Amino acid sequence: MISYRLVVVGLFASLWLAALSTSTLAQKPNGRPAAVSTIPSPKAVLGFAPADDRTVADWSQITGYFNQLDKASDRVVVQSLGQSTLKRPMIVAIISARENILALDKYKDIQQQLADPRKVSNTLVRDRLIATGKTVVAVSCSIHSTEIVASQMSMQLAYDLATAQDADTKEILQNTILLLIPSPNPDGVDIVANWYRKSLGTPYEGREPPELYHHYAGHDDNRDWFMLNLRETQLITRLLWHDWFPEIVYDVHQQGSNGSRFFIPPFFDPPNPNIDPLLLRQVGLIGHKVAADLQSAGFKGVLTNALYDTWWHGGFRTAPYFHNSIGILSEAASARLMTPATVNSDQLARSSTRGMRNASEVTTNFPDPWPGGSWHPRNIMAMELVAARGILSLAAKYRTEYLSNFYQLGRKNIESPIQLNQPIAYLIPAGRSRDEAVAKLVGSLIDQGIEVFRLDNELHVSFGPQVLQRTNAVSEKLGTYRTIIANTASMQEVPAGSYIVFLSQPQRTNVAALFEPQIYPNRLIGTGEAERPYDVAGWTLPLQLGVDAPAVVSVRETAAERKLTLLKNENEVRSDLALTPRKSDASPIKNPIPQMVRVGIYKGSIGNMDEGWTRYVFDTFNVPYESIKDTDVKGGNLKSKYDVVLLPSQRSREIIDGNAAGTLPAEYTGGIGEGGVANLKEFVNNGGTLICFDAACELPIKQFSLPLTNVIEGLRSSDFYCPGSIVSLDLDNRNPITSTLPVNLPAYFINSSAFSTTDANVRVVARYAKDNVLRSGWLLGEDKLRGQIALAEVRLGKGRVVLFAFRPQHRGQTWGTLPLLWNSIATSAK
Ligand SMILES: [Zn+2]
């Protein structure tokens with residue numbers, strides 16, 4: 001039965017791919033309009049209506065439906081974007097009026113000109129582009145795969161637009177071009193659909209699958225929009241910011257079950273200071289329009305101005321702001337996957353978040369609470385359809401305003417006046433940083449549409465590192481910071497072969513937000529505790545990558561005197577640096593570990609994103625490893641198979657206990673147990689190296705009684721708080737783990753650890769800096785971190801434990817600290 005199904009699915013997928021290549025990659029023939037009655041409904045194709053209780057369409061069904069729509073409707077063209085991480089086809093359905101579909105290249109060209117005002121020669125041309133262009137709207141569904149309903153909704157939305165004949169739909173079709181992405185994570189749609197079908201009718205129906213729903217990233221698949229580590233973010237970034245430049249991007253999510261029924265912007269504070277106020281106002285306008293449409297249609301429980309903020313840069317709906325586009329998020333309350341949930345008034349009254357005291361109290365931003373009851377997938381779909389229609393309707397009615405604002409923002413970024421002693425560019429001087437990290441940084445910038453130049457001749461510039469300076473400390477705990485250019489020197493010669501990124505380009509704000517240090521505002525709640533940001537507080541990319549990229553404040557040579565080459569892709573940089581070129585999806589990076597070391601990476605049955613990212617960096621650097629399951633650890637005899645066992649960041653109790661009995665089928669419950677702990681200790685005693693990241697350090701410290709204390713464990717956030725920021729480490733350069741690294745290194749701290757010891761047998765490899773610890777982000781209570789241990793080695797029996805108090809591989813972004821990991825492994829050879 002199973003093999004039969006696989007054959008059918010495989011056959012279907014290949015037929016579908018064949019159909020794609022013939023019918024849609026080319027423009028549709030100029031045929032007669034398709035009769036609406038021949039357009040199949042999702043129900044006719046699937047055998048159930050999208051979002052019916054306890055049904056789910058998997059990826060081959062979703063792509064199959066879109067393929068039929070492509071064939072049957074002259075309003076829909078489906079295009080292939082490439083393949084996902086696990087080789088599923090990624091698609092976009094382009095939906096518009098027939099005459100627009102026949103002229104997609106023309107409209108794409110208009111967008112590309114509006115996105116870069118330097119291509120628009122005069123105001124007459126500008127006015128013509130704005131008069132003839134269409135508002136391009138991208139809608140992306142279910143990037144988080146357990147938030148599954150939108151992927152099902154996408155078929156209904158496409159069908160409605162393909163068939164409706166009312167005036168509002170016609171106006172939408174005439175004035176907008178919709179890029180509908182049924183899911184930017186197709187692998188996850190199938191992981192969730194397969195798991196859901198298997199669990200139907202069992203006690204585990206409606207529970208989330210016990211694995212990451214993206215091969216590497218899980219939920220963090222939406223934390224990658226400036227680093228572009230994942231195949232999926234690379235492909236969609238190309239669609240959005242090399243091809244189409246949408247004016248509006250709508251990212252459709254779900255939140256927990258017990259709070260508001262639907263969140264829509266305006267967002268909560270703080271906004272990122274690099275986001276243009278015009279974008280925030282346009283976000284607010286669209287959000288309120290959607291909220292009003294939902295109210296008018298009789299939906300309750302719509303929340304605005306709460307929880308979700310625009311500070312951080314890495315999400316699908318925040319990346320657009322740095323491309324002069326409007327990013328909209330919606331978060332519908334979840335059912336239990338595709339099984340209805342029941343929510344009672346007590347649960348609603350207990351549900352609170354930033355900006356919402358509880359989900360039953362009437363407030364201006366939450367004027368009509370939902371009273372509770374059963375909550376079905378179709379309730380979610382209905383709200384998402386109203387939201388999508390509301391956005392498209394505004395996009396159609398105010399077409400010229402959207403196009404004009406989009407153009408003006410790009411122009412403002414180019415023409416922004418130069419300010420004295422403020423950065424005009426960032427420089428990557430030749431020969432100062434690791435070649436692979438430079439190639440990665442420049443490649444990521446180019447991939448997201450940022451212009452990077454190579455210096456073909458030397459250039460004379462005045463420049464210096466842009467750093468945080470602690471000023472006028474309110475108290476020892478609460479520092480205030482400003483950014484300064486340290487050591488601004490007189491004109492210096494920068495060698496040819498260096499790279500330069502000017503701020504004067506359409507993506508000025510993106511450049512600034514990626515290169516400058518972030519200063520998160522000190523936001524405290526009434527108790528004096530920290531108000532938690534939505535995601536991380538700091539991400540400065542060169543600091544994470546360990547790439548030297550000082551700010552430039554002036555250049556001696558005039559624009560005409562400069563000899564610069566605009567880079568087209570990462571391979572040009574790889575060629576400059578004599579690195580192996582990228583030829584396929586396979587990573588060309590040379591394994592940094594010179595000898596064979598047998599590495600096992602612990603992978604428990606609780607999906608752990610830090611474990612996924614650990615595999616990601618090993619795969620990217622072509623370092624061999626095996627995944628070790630709970631049963632392997634319980635089986636013991638680990639030293640016969642591995643030289644190194646690595647525990648990615650995870651709480652000790654989660655590793656030991658795993659999923660609780662009864663919550664999932666027995667094969668997914670229980671962790672390594674006390675027996676597994678004993679086996680890990682035996683592994684070290686027999687000469688193995690146990691490497692622990694961040695929270696996982698708790699396991700050997702407490703279970704093996706190592707002489708270390710986590711000095712920030714249990715501190716209230718009024719005393720210490722550091723939510724995803726870049727901090728400074730001082731390295732002991734006598735230790736081989738620090739080989740080839742400088743004495744001072746930025747590292748990623750995300751609610752991480754800091755150790756102290758009184759035992760002389762603990763070898764301290766790195767400490768948090770003695771002063772000026774914060775490099776980017778938010779650090780409250782710096783005194784708690786100063787000089788404490790960030791990386792240590794402890795000998796035990798014939799082996800050793802290496803304890804990283806922070807995460808050296810956070811989200812695959814922190815290439816600057818990866819050498820500490822590779823050196824830890826290299827020094828573990830037999
Ligand atoms: Zn989500």
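The values are calculated or read from the model by the stated rules, or taken from the named source; none is laboratory data. Keep in mind that this is a model prediction, so the values were computed, not measured. All Cβ positions, even for glycine, are placed from backbone atoms using ideal geometry, and neighbour counts span all protein chains on display. Ligands, DNA and RNA are excluded from the accessible area calculation, which covers all protein heavy atoms including side chains. Shrake-Rupley method; radii C 1.70, N 1.55, O 1.52, S 1.80 Å.
Remarks
- Inside the range 626-653, residues that are open to solvent by less than 60 Å² (accessible area, probe 1.4 Å), in a loop (DSSP other than H, G, I, E, B) and not small (G, A, S) make up a count of 4.
- Of residues in the range 248-275 being under 27 Å from A341 (Cβ atoms) and of a type in the set (D, E, K, R), the one farthest from the ligand (Cβ to nearest atom): R261
- Being open to solvent by less than 30 Å² (accessible area, probe 1.4 Å), farther than 21 Å from I181 by Cβ and away from the ligand (no atom under 16 Å from the Cβ) is a property that holds for L294.
- Any pair with Cβ under 8 angstrom, 6 or more apart, that starts in the range 215-226 at a residue that is closer than 16 Å to F618 by Cβ and ends at one that is within 13 Å of the ligand (Cβ to nearest atom) and part of a loop (DSSP other than H, G, I, E, B): A217/R223
- When the range 246-290 is limited to residues that are out of contact with any strand residue (DSSP E or B) (no Cβ under 8 Å at 6 or more places or on another chain) and not in a helix (DSSP H, G or I), the one that is surrounded by the most Cβ atoms within 10 Å (Cβ to Cβ) turns out to be P266.
- Some residue of the range 180-190 being within 16 Å of the ligand (Cβ to nearest atom), farther than 20 Å from K43 by Cα and without any contact (Cβ under 8 Å) to a residue 60 or more places away in the chain: yes
- Residue in the range 213-245 that is most open to solvent (accessible area, probe 1.4 Å), counting only those that are of a type in the set (S, T, Y) and more than 14 Å from the ligand (Cβ to nearest atom): Y216
- Among the candidates D694, D732, the residue that is under 21 Å from Y602 (Cα atoms), in contact with a Ser or Thr (Cβ under 7 Å, 6 or more places away or on another chain) and not hydrophobic (A, V, I, L, M, F, W, C) is uniquely D694.
- Among the residues of the range 547-572, those identified as farther than 18 Å from I446 by Cα and open to solvent by less than 50 Å² (accessible area, probe 1.4 Å) are P550, A551, V552, V553, S554, V555, E557.
- Just one of the listed residues (S140, S121, S73) is small (G, A, S), within 16 Å of the ligand (Cβ to nearest atom) and under 23 Å from R399 (Cβ atoms), and it is S140.
- For the condition at pLDDT 95 or above, in a helix (DSSP H, G or I) and open to solvent by 10 Å² or more (accessible area, probe 1.4 Å), D168 qualifies.
- All told, V536 meets the bar of being in a loop (DSSP other than H, G, I, E, B), in contact with a Gly (Cβ under 8 Å, 6 or more places away or on another chain) and modelled with pLDDT of 95 or more.
- Restricting the search to strands (runs of 3 or more DSSP E) fully inside the range 376-486 and requiring at least 2 residues that are hydroxyl-bearing (S, T, Y) gives 480-485.
- Note on the range 326-341: residues that are buried (at least 24 other Cβ atoms within 10 Å of the Cβ), more than 15 Å from the ligand (Cβ to nearest atom) and part of a loop (DSSP other than H, G, I, E, B) total 1.
- Strands (runs of 3 or more DSSP E) enclosed by the range 725-830 - at least 1 residues per element that are hydrophobic (A, V, I, L, M, F, W, C) and over 28 Å from T483 (Cβ atoms): 762-768, 789-796, 799-804
- All of (1) open to solvent by less than 40 Å² (accessible area, probe 1.4 Å); (2) more than 16 Å from the ligand (Cβ to nearest atom); (3) more than 25 Å from L280 (Cβ to Cβ); (4) not in a loop (DSSP other than H, G, I, E, B) hold for N194 with one exception: (1).
Here is a yes/no grid of residues against (1) basic (K, R); (2) buried (at least 20 other Cβ atoms within 10 Å of the Cβ); (3) over 29 Å from Q518 (Cβ atoms); (4) touching a residue at least 24 places away in the same chain (Cβ under 8 Å):
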residue	(1), (2), (3), (4)
R716	yes, no, no, yes
Y721	no, yes, no, yes
V727	no, yes, no, yes
R734	yes, no, yes, no
D771	no, no, no, no
L780	no, yes, no, yes
R786	yes, no, no, no
G799	no, yes, yes, yes
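- Checking the stated criteria, S575 turns out to be more than 19 Å from P819 (Cβ to Cβ) and open to solvent by 70 Å² or more (accessible area, probe 1.4 Å).
- Meets criteria (at pLDDT below 95 and surrounded by fewer than 22 Cβ atoms within 10 Å (Cβ to Cβ)) for D759: no
- Screening the range 474-507 for residues that are touching a Phe, Trp or Tyr at 6+ places or on another chain (Cβ under 7 Å) and among the β-branched types (V, I, T) and picking the one that is nearest to L715 (Cα to Cα) gives V501.
- The range 487-502, residues that are out of contact with any helix residue (DSSP H, G or I) (no Cβ under 7 Å at 6 or more places or on another chain) and either open to solvent by less than 60 Å² (accessible area, probe 1.4 Å) or in a loop (DSSP other than H, G, I, E, B) (or both): N487, T488, A489, S490, M491, V494, P495, A496, S498, I500, F502
- The number of residues in the range 600-609 being closer than 20 Å to L86 by Cβ, of a type outside the set (A, V, I, L, M, F, W, C) and crowded, with 20+ Cβ neighbours inside 10 Å comes to 2.
- Residue count for the range 215-248 under the criterion of being within 10 Å of the chain's Cα centre (by Cα) and of a type in the set (S, T, N, Q): the result is 3.
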